[in-house]
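Before any comments, here is the structure.
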Amino acid sequence: TDRLAMIKCRPVAGDLELGRRFVESMQDFIYKKYLDHAALEEIRWIKKRTDQALSRRHESERNVKLGLGGIREIEFFVQSFQILYGGRFPELRSPNTLWTLDRLCDFGFIERSEYDALRRAYIFLREVEHKLQLVHDLQTHSLPQEDHELRRCARRMGYTAENGSEEVILEQFSNDLQMHCQKVRTIFESLFETQYESSSGLRELVLNPSMEDDEAVKRLAAANIVQPEEFWEGLQLLLRASSFPHSPTRMRNLLANLVPSLIEAAGSLPDPRSLFTRLDRFCESLGTRVQLYTEIVENVDFRHDLFHLFASGPFLSDILIRYPELVDAVAYGVAPNPSLKNLARFVEQEEAAGRPARDALRVFKRREEFKIAQRKLLNPRSFQSGPLMTQLAEACIHQAMAESLKEYPEARRAKFAIVALGKLAGYELTFHSDLDLVFIYDDRKATQRQHRLLLNLLNSFHRGLQEYTPEGRAYHVDFRLRPEGKHGAQIVSLSSLKRYFNERAEPWERLAYVRARPIFRHGIRLPLKSLIFSRPFNQEEIAELARIRQRKELEIALERKLEKYDLKVGPGGLMDIQFILHRLQIEHEVVEYKPFKAITKLKDKGALDPASAELLKEAIDFLLSVEAIQDLTNAQAGGKISWKAEENATLAHFLGYHAPGELLHDYQEIRDKVRALYLRFYPHPKKGASSRT
């Protein structure tokens, strides 16, 4: 209402230059850059309350200014367009109603017929108003109730009858008045019916401070919101925020404009209140609501990306709340840069500011992980996050080792390497992946003292990545894939590695080491190819691999028991693909860590036909995308998706599916094709079949 009143302000006395500067300074307050639908809803709501008040006094059709089809409806109609579009069309900024009405017609905002009807009605009604006030010398807007007074009003308006009949004069005046009011009312109501019907009544949840809880929940339920009570609680949480004591009206306007977007983001969530809680916590962390809400309202892309992020779950939301400066990455799409050079520079800057290097590493990791994850969330199928997440992990490994070598500088005299296995080795790292590592050193000239020194170095390196600090933990590091597993030595000598693989290694260990990749090497040469690719598997070993693979399905996947598919270990999952590729890589001596490149090389060698190669690429792309999005939205799911489509609604939504059943259909189709291909290389005993029928 303040903004509507200020539309008409102009200097009339005193220091006119001061008045002009004041009016100019108010322009940004009156006219917004965004389409202020909430202001339009507030106009509708204010007029509705006025109508109700007049109806109680039986003045709805007698008050030519405030009544149905009266002057105020014409003014509100014109001011609605000024409020909505005045920020982008300065030509609409005028205190004069008729002048602005002319501009609305000139710019095509309204039809010529609407313009003619409103202009004639405005002039007619203003003349009636003036005649009433001149006669009674009062600021009145209501027509008299007595017929003889109405007839006098009609004559003052210029109505006459040839036969002098007072009844004819009254009838003509009444008919014209009714005709003008009906046209105005129709045009005024069309403003809300045609353009804002979809959100009608919902912005009032914010604009009306006396809205009853039952009424609010009823309206939200009618808008097909899954949990209307929780949604209403969340909205009230924002309304009660203490950061707006100086401007509650502005807060309500901004929040009211956000209602449709909040409904879009949270309306289908099983726990919509969580989105409001995250938004509220972020506002507290950022230290401002006015600027954030304004940017959200004005910037459509930013609003979509931010609400999409908050709706995805706690993982990304918690990072953004902890590091609010990352809002620029959301607003401007700042590209991730997880290079070692960038990390080392950041650690150096943080140390210069008095902060520990381990904390700096964790902050850098969180920030870059956030940027990568956000891109994945917005492009779930077209952006592969694994390579960048792998680059980030390698940078952290190098930085952590550099810090440990500062602690144990004598270790530089030894020759050693850190070898990656699993997802890290294959550039498939996800957002909650462990780092599978093996520490190998050259023991040919190593002394017992060097052995202890390297053990201390490894423990320091381990703490550098895994130890909790005030900034959390960088990674969980797993050394169990070393020879002899958890019973073997923490640091593996080169001679024992050779002896183990030449004499005792199980077939599955050779398979696991196909993509063993040195990611930190200090003066050592590793004969991994000669150890792993020395000979193809014989039939007995292939049968053993098939038994191990089947046992993992039965003992780990537990699909029948849990009624959930396992993306990794289940039939047709990522492990099937790994068993196929790694066997073929050993048989054809293809040393390649990235699965897509391995598939291409195997196809070129004739080990895979083109159709099978394309199937494996499609399956890897699909399964890794599903796994990554699930990591972001529900890490507790543990790489499993339910047999019941409705339980995968959130996952399906963030993968871009219209319905969760579509996700299951695609998964089952790919799963069946991969399993069929797998069985060509590893035939299972009939009793071991574990696929769901």
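The values are calculated or read from the model by the stated rules, or taken from the named source; none is laboratory data. The model shown is predicted, which means the values in this text are computed figures rather than measured ones. With ideal geometry, Cβ positions are generated from the backbone for all residues, glycine too; neighbour counts draw on all protein chains shown. These accessible areas exclude ligands, DNA and RNA; they are computed on the full protein's heavy atoms, side chains included. Shrake-Rupley method; radii C 1.70, N 1.55, O 1.52, S 1.80 Å.
Answer yes if at least one residue in the range 8-25 is modelled with pLDDT of 80 or more and under 21 Å from Leu118 (Cβ atoms), and no otherwise. Checked against the condition, which is being modelled with pLDDT of 80 or more and under 21 Å from Leu118 (Cβ atoms), the range 8-25 yields at least one hit.
Set side by side, the residues Arg44, Arg120 differ, and just one is of a type outside the set (Gly, Ala, Ser), open to solvent by 40 Å² or more (accessible area, probe 1.4 Å), at pLDDT below 85 and assigned to a helix (DSSP H, G or I), which is Arg44. For the range 376-390, a residue qualifies if it is open to solvent by less than 10 Å² (accessible area, probe 1.4 Å) and aliphatic (A, V, I, L, M), and the qualifying residues are Leu377, Met389.
Can you find a residue that is on the phi < 0 side of the Ramachandran plot and outside any helix (DSSP H, G or I) anywhere in the range 537-555? Yes; the residues of the range 537-555 include at least one that is on the phi < 0 side of the Ramachandran plot and outside any helix (DSSP H, G or I). For residues in the range 305-363 being under 17 Å from the mean Cα position of the chain (by Cα) and among the aromatic types (Phe, Trp, Tyr), which is farthest from Leu655 (Cα to Cα)? So, considering only residues that are under 17 Å from the mean Cα position of the chain (by Cα) and among the aromatic types (Phe, Trp, Tyr), the one farthest from Leu655 (Cα to Cα) is Tyr323. Beta carbons closer than 7 Å, at least 6 apart along the sequence or on distinct chains, pair a first residue in the range 40-52 that is among the polar types (S, T, N, Q) with a second that is open to solvent by 40 Å² or more (accessible area, probe 1.4 Å) for Thr50/Leu66.
Applying the set (1) in a helix (DSSP H, G or I); (2) at pLDDT 95 or above to Glu647 leaves exactly one unmet item: (2). Quick check: anything in the range 556-570 part of a helix (DSSP H, G or I), under 18 Å from Tyr427 (Cα atoms) and open to solvent by 50 Å² or more (accessible area, probe 1.4 Å)? Within the range 556-570 (the criterion being part of a helix (DSSP H, G or I), under 18 Å from Tyr427 (Cα atoms) and open to solvent by 50 Å² or more (accessible area, probe 1.4 Å)), the answer is no, since none of the residues qualifies.
Which of the residues spanning the range 124-144 are hydrophobic (A, V, I, L, M, F, W, C) and without any contact (Cβ under 8 Å) to a residue 24 or more places away in the chain? Result: Leu134, Val135, Leu138.
The set of residues in the range 282-296 that are over 15 Å from the mean Cα position of the chain (by Cα) and either outside any helix (DSSP H, G or I) or closer than 15 Å to Val330 by Cβ (or both) comprises Cys283, Ser285, Leu286, Gly287, Thr288, Arg289, Gln291, Leu292, Tyr293, Glu295.
Filtered by the rule that a residue be among the aromatic types (Phe, Trp, Tyr) and either part of a loop (DSSP other than H, G, I, E, B) or open to solvent by less than 10 Å² (accessible area, probe 1.4 Å) (or both), the range 87-109 gives Phe89, Phe107, Phe109. Among the residues of the range 468-519, those that are open to solvent by less than 30 Å² (accessible area, probe 1.4 Å), among the hydrophobic types (A, V, I, L, M, F, W, C), closer than 14 Å to Phe416 by Cβ and more than 36 Å from the chain's Cα centre (by Cα) comprise Ile491, Val492, Leu494, Leu497.
Look at the range 477-496: where a residue is within 21 Å of Glu467 (Cα to Cα) and a partner is outside any loop (DSSP other than H, G, I, E, B) and of a type in the set (Asp, Glu), sitting 6+ places away or on another chain with Cβ atoms under 7 Å, you get Asp478/Asp436; Leu481/Asp436.
Between Ala393, Ala402, Ala411, the distinction of being open to solvent by 10 Å² or more (accessible area, probe 1.4 Å), under 30 Å from Asp442 (Cα atoms), part of a helix (DSSP H, G or I) and of a type in the set (Gly, Ala, Ser) belongs to Ala402 only. Any residue at all in the range 219-238 that is part of a helix (DSSP H, G or I) and modelled with pLDDT under 80? No.
So, in the range 222-242, of the ones that are among the small types (Gly, Ala, Ser) and either touching a strand residue (DSSP E or B) at 6+ places or on another chain (Cβ under 7 Å) or open to solvent by 50 Å² or more (accessible area, probe 1.4 Å) (or both), which residue ends up farthest from Gly287 (Cα to Cα)? Result: Ala222. It is to be established whether one or more residues within the range 588-604 are open to solvent by 50 Å² or more (accessible area, probe 1.4 Å), of a type outside the set (Phe, Trp, Tyr), touching a helix residue (DSSP H, G or I) at 6+ places or on another chain (Cβ under 9 Å) and closer than 16 Å to Tyr667 by Cβ. So far as the range 588-604 goes, no, none of its residues is open to solvent by 50 Å² or more (accessible area, probe 1.4 Å), of a type outside the set (Phe, Trp, Tyr), touching a helix residue (DSSP H, G or I) at 6+ places or on another chain (Cβ under 9 Å) and closer than 16 Å to Tyr667 by Cβ.
All of Gln668, Gln636, Gln630 fail the test of being open to solvent by 40 Å² or more (accessible area, probe 1.4 Å), under 23 Å from Leu269 (Cα atoms) and assigned to a helix (DSSP H, G or I), apart from Gln636.
Just one of the listed residues (Glu197, Glu166, Glu162, Glu212) is at pLDDT 75 or above and open to solvent by 80 Å² or more (accessible area, probe 1.4 Å), namely Glu212. Restricting Glu114, Glu129 to residues that are closer than 22 Å to Ser55 by Cα and either outside any loop (DSSP other than H, G, I, E, B) or under 44 Å from the mean Cα position of the chain (by Cα) (or both) narrows the list to Glu129. The single residue among Ala652, Ala645, Ala613, Ala659 that is farther than 25 Å from Leu421 by Cβ, under 35 Å from the mean Cα position of the chain (by Cα), open to solvent by less than 10 Å² (accessible area, probe 1.4 Å) and without any contact (Cβ under 8 Å) to a residue 24 or more places away in the chain turns out to be Ala652. Can you report the number of residues in the range 572-600 which are touching a residue at least 12 places away in the same chain (Cβ under 8 Å) and outside any loop (DSSP other than H, G, I, E, B)? Selection size over the range 572-600: 19. Mind checking whether some residue in the range 438-454 is more than 45 Å from the chain's Cα centre (by Cα) and among the small types (Gly, Ala, Ser)? Looking through the range 438-454, at least one residue is more than 45 Å from the chain's Cα centre (by Cα) and among the small types (Gly, Ala, Ser). Among the residues of the range 60-86, the ones that are assigned to a loop (DSSP other than H, G, I, E, B), closer than 20 Å to Arg44 by Cβ, touching a residue at least 24 places away in the same chain (Cβ under 8 Å) and open to solvent by less than 60 Å² (accessible area, probe 1.4 Å) come to 6 in all.
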